[in-house]
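One structure is given here, and the rest of the page talks about it.
The values are calculated or read from the model by the stated rules, or taken from the named source; none is laboratory data. The structure displayed is predicted, hence computed values, not measured ones. Heads up, the Cβs are rebuilt from the backbone with ideal geometry, glycines too, and the neighbour counts pull from every protein chain shown. With ligands, DNA and RNA removed, areas are computed over all heavy atoms of the protein, side chains included. Shrake-Rupley method; radii C 1.70, N 1.55, O 1.52, S 1.80 Å.
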Amino acid sequence: MSGAAVPLAAPDRPISWVPLTIVIILFVLVAVLGFVAARWRRGEGTGLHSLDEWGLGGRGFGTWVTWFLLGGDLYTAYTFVAVPAAMWATGAVSGFFAVPYTIVLYPIVFLLMSRLWSVSHRHGFVTPADFVGGRYGSRALTLAVAVTGIVATMPYIALQLVGIKAVLTVLGLGSAENVLLTDLPLIIAFVVLAAYTYTSGLRAPALIAVVKDLLIYLAVIVAVIYLPIKFGGWGPIFDSAEAKLAAVNPATGKPTGVFIPGANSYSAYWTLALGSALALFMYPHSITGVLATKSRNTIRKNAAVLPLYSLMLGFLALLGYVAIFAGTNPVDLNGAVNPQLVVPQLFLDQFPAWFAGIALAAIAIGALVPAAIMSIAAANLFTRNIYRDLIKPDATPRQEAKVSKIASLVVKFGALIFVIAMDQSAAINMQLLGGIWILQTFPTIVAGLYTRWFHRWALFGGWIAGIIYGTIAAYNVVNPVTKAYFGGSIAAIPGTDIQVYIAVVAFAINLVVATGLSLLFHAMKLPGGNDITRSSDYGADENDPKVAQIEREHPLAEPGAPTF
Amino acid sequence: MSSPDVPTRGPARPGPYVATGILLAIAIVIPLYVPAYSVDEPRLAGMPFFYWYQMMWIPITSALVGISYWLVGKEDRRRRESVRGVTGDEEER
């Protein structure tokens with residue numbers, strides 16, 4: 001149990017002072033690092049006055065920095081809170097799919113991302129929508145990709161706040177009666193985060209990620225070794241999980257959860273894993289991490305070493321079962337059971353106060369890294385693909401950096417208001433939709449890396465079709481207990497009763513529409529749009545000249561035709 | 001606005017790419033084939049097969065991607081040397 005527990009005036013939860021002090025100390029340390037990061041690897045006297053410097057950390061991160069940065073970026077605090085929460089509440093299908101998801105992710109990253117790196121390096125692309133603009137010469141398609149990216153990222157940032165909130169609640173900060181008191185620490189944390197992201201750009205989360213990842217590894221390794229020993233091995237832990245998940249839920253008349261998927265949930269399990277893996281690197285914050293690397297091969301090398309994080313995530317997921325055995329009781333401020341508090345509560349109950357403090361700090365800091373990168377990525381999309389493309393085509397790099405810095409503030413405060421003003425489930429529903437929507441940019445971005453066969457308007461049509469289907473299908477999923485819409489991400493394939501991840505069906509519809517319309521538009525000889533990329537761009541490495549440089553040296557170069 | 005198509009790499013030999021494709025396909029398809037592992041027994045240190053088998057695939061995938069990195073990297077260096085040594089007009093793949 002936690003060491004010193006002093007009751008607060010409000011009768012909600014006592015404040016756990018020792019862990020709280022450690023969380024505050026580590027938070028301050030990380031904030032200092034965030035500001036210092038502005039001076040780290042600084043470009044030759046140019047400062048942070050361009051998107052390459054502010055928004056991509058100078059495009060020079062090597063293998064190690066990238067490993068920490070992407071690890072901190074992809075395995076977010078919300079993941080750390082939500083995956084064990086799902087395991088605790090409903091078991092394998094909604095929780096443990098995260099393991100195959102983060103396994104099949106890396107072969108996909110290996111295949112796709114170095115091509116995206118190369119073409120972006122050659123042309124100075126900062127966002128995925130930049131690439132789409134260069135490849136298809138289509139304003140509408142660029143805007144579609146940019147807006148999807150921004151809209152899908154916003155709730156993701158909001159969920160990082162939910163992660164911090166879970167930690168603060170467990171620590172006893174907050175009260176059911178006083179809303180301002182509850183949200184004040186969250187607001188302070190976010191203002192500090194916004195300040196150092198504004199000052200240091202992508203360098204801040206890159207540096208902080210190192211601290212955060214080391215803390216999280218420490219916490220998980222200790223928990224995974226110590227808790228099973230304390231509880232008599234994994235056997236009884238899994239047995240108690242099996243018993244809980246098999247128990248019939250009185251509200252639905254069905255078992256509470258799934259311990260080992262039966263034949264009727266195979267397709268849900270693997271489509272969740274595959275769909276999520278395909279979608280993850282379409283998120284702007286993942287692509288920002290890729291484009292910030294210094295060479296074509298950095299991301300490939302990382303695809304081989306990043307799975308260490310998946311192993312950690314797998315064990316963390318199992319902590320959800322450990323909590324079942326330990327009888328962890330995640331009660332929120334309003335007295336209701338909130339599964340998201342399960343892992344913070346488990347650490348607080350089972351470890352000495354100082355160690356619980358370290359683990360909780362790791363989760364809270366873990367929210368800051370992705371929140372910073374996501375806000376930078378969304379800001380870059382706004383700057384490049386809305387501000388520059390639509391409002392001020394001749395924006396200088398310095399103006400771009402300035403707009404992006406301000407946009408990152410707007411994005412973060414938008415997310416903060418989202419979490420404070422709206423119900424938490426609104427953020428979760430939006431995140432669920434965001435995952436479905438972002439996958440609909442996959443055909444445009446990924447097909448574009450290999451071929452210009454798909455017609456730009458056909459891809460646009462496919463995108464619309466996928467988004468419409470996905471949104472309606474997600475809306476129609478009704479939570480069996482609360483009867484609310486947006487009750488989950490699994491639905492039957494239309495006309496069958498095979499349960500699958502909605503995003504995957506939407507993706508299939510998207511592809512069919514894009515293919516059909518491409519055939520039609522080619523037959524109609526609709527203009528395909530100007531492609532500024534060449535096939536050689538997709539294999540370029542860091543030693544090859546950039547396009548701007550080639551153009552200086554070959555001023556008479558004739559305009560390029562589509563390359564395939 | 002377009003650049004001249006100066007090849008960045010020489011022509012590819014299919015061997016390493018085919019081998020890489022097979023390795024990566026294994027790393028994607030097998031972990032997603034749920035019927036193969038959705039069973040409780042045999043347990044490992046109390047952990048049901050369903051759980052430890054999937055965890056086991058994490059280092060296996062890591063190794064498969066690592067081997068792919070080595071195979072493709074070697075071929076990539078050869079292709080780059082072939083254009084950087086001689087500035088020819090070979091067709092870029």
Under the condition of being in contact (Cβ under 8 Å) with a residue 40 or more places away in the chain and farther than 22 Å from A:His285 by Cβ, which residue from the range A:377-419 is most open to solvent (accessible area, probe 1.4 Å)? A:Arg398
Scan A:Ala474, A:Ala458, A:Ala465 and give me the residue that is in contact (Cβ under 8 Å) with a residue 24 or more places away in the chain, of a type in the set (Gly, Ala, Ser) and open to solvent by 20 Å² or more (accessible area, probe 1.4 Å). A:Ala465
Filtering the range A:329-347 down to residues that are open to solvent by 10 Å² or more (accessible area, probe 1.4 Å) and over 18 Å from A:Gln424 (Cα atoms), which residue is modelled with the highest pLDDT? A:Gln345
Taking A:Arg122 and the conditions (1) within 14 Å of another protein chain (Cβ to nearest Cβ); (2) over 20 Å from A:Ile550 (Cα atoms), which numbered condition does it fall short on, given that it satisfies the others? (2)
Could you look through the range A:500-546, keep only residues that are within 27 Å of the chain's Cα centre (by Cα) and free of Cβ contacts under 8 Å to residues at least 60 places away in the same chain, and pick out the one that is farthest from the other protein chains (Cβ to nearest Cβ)? A:Ile509
Regarding the range A:250-270, can at least one residue be identified that is within 26 Å of B:Thr20 (Cα to Cα) and buried (at least 24 other Cβ atoms within 10 Å of the Cβ)? yes
Every listed condition ((1) of a type in the set (A, V, I, L, M); (2) at the interface with another protein chain (Cβ under 10 Å from one of its Cβ atoms); (3) farther than 28 Å from A:Asn380 by Cβ) holds for A:Val305 save (3)
Here is a list: A:Ile420, A:Ile376, A:Ile358, A:Ile391. Which entry is of a type in the set (Val, Ile, Thr) and closer than 19 Å to A:Leu316 by Cα? A:Ile358
In the range A:278-333, the residues that are farther than 19 Å from A:Gly257 by Cα, of a type in the set (Gly, Ala, Ser) and in a helix (DSSP H, G or I): A:Ala279, A:Ser286, A:Gly289, A:Ala303, A:Ala304, A:Ser310
Expected single match for more than 30 Å from A:Val411 (Cα to Cα) and touching a Ser or Thr at 6+ places or on another chain (Cβ under 9 Å) among A:Gly289, A:Gly275, A:Gly262 is A:Gly262
Can you give me the number of residues within the range B:2-42 that are farther than 23 Å from B:Thr61 by Cα, in contact with a helix residue (DSSP H, G or I) (Cβ under 7 Å, 6 or more places away or on another chain) and open to solvent by less than 40 Å² (accessible area, probe 1.4 Å)? 7
Selection within the range B:11-37 - farther than 23 Å from A:Gly314 by Cβ and facing chain A (nearest Cβ under 10 Å): B:Ala12, B:Thr20, B:Gly21
So A:Gly488 passes all but one of these: (1) open to solvent by less than 40 Å² (accessible area, probe 1.4 Å); (2) in a loop (DSSP other than H, G, I, E, B); (3) closer than 30 Å to A:Asn530 by Cα. Which condition number does it fail? (3)
Could you say whether any residue in the range A:154-166 is within 14 Å of another protein chain (Cβ to nearest Cβ) and in contact with a helix residue (DSSP H, G or I) (Cβ under 9 Å, 6 or more places away or on another chain)? no
Give all pairs with beta carbons closer than 7 Å in which a residue from the range B:14-26 that is more than 17 Å from A:Gly539 (Cα to Cα) meets a residue that is open to solvent by 50 Å² or more (accessible area, probe 1.4 Å); count only pairs at least 6 apart in sequence or on separate chains. B:Leu23/B:Ile67; B:Leu24/A:Leu111
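Residue-by-condition table, conditions (1) in a helix (DSSP H, G or I); (2) among the polar types (S, T, N, Q):
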residue	(1), (2)
B:Leu23	yes, no
B:Val39	no, no
B:Pro42	no, no
B:Gln54	yes, yes
Is it true that some residue in the range A:310-326 is away from chain B (no Cβ under 14 Å), open to solvent by 10 Å² or more (accessible area, probe 1.4 Å), out of contact with any helix residue (DSSP H, G or I) (no Cβ under 7 Å at 6 or more places or on another chain) and under 19 Å from A:Ala82 (Cα atoms)? no
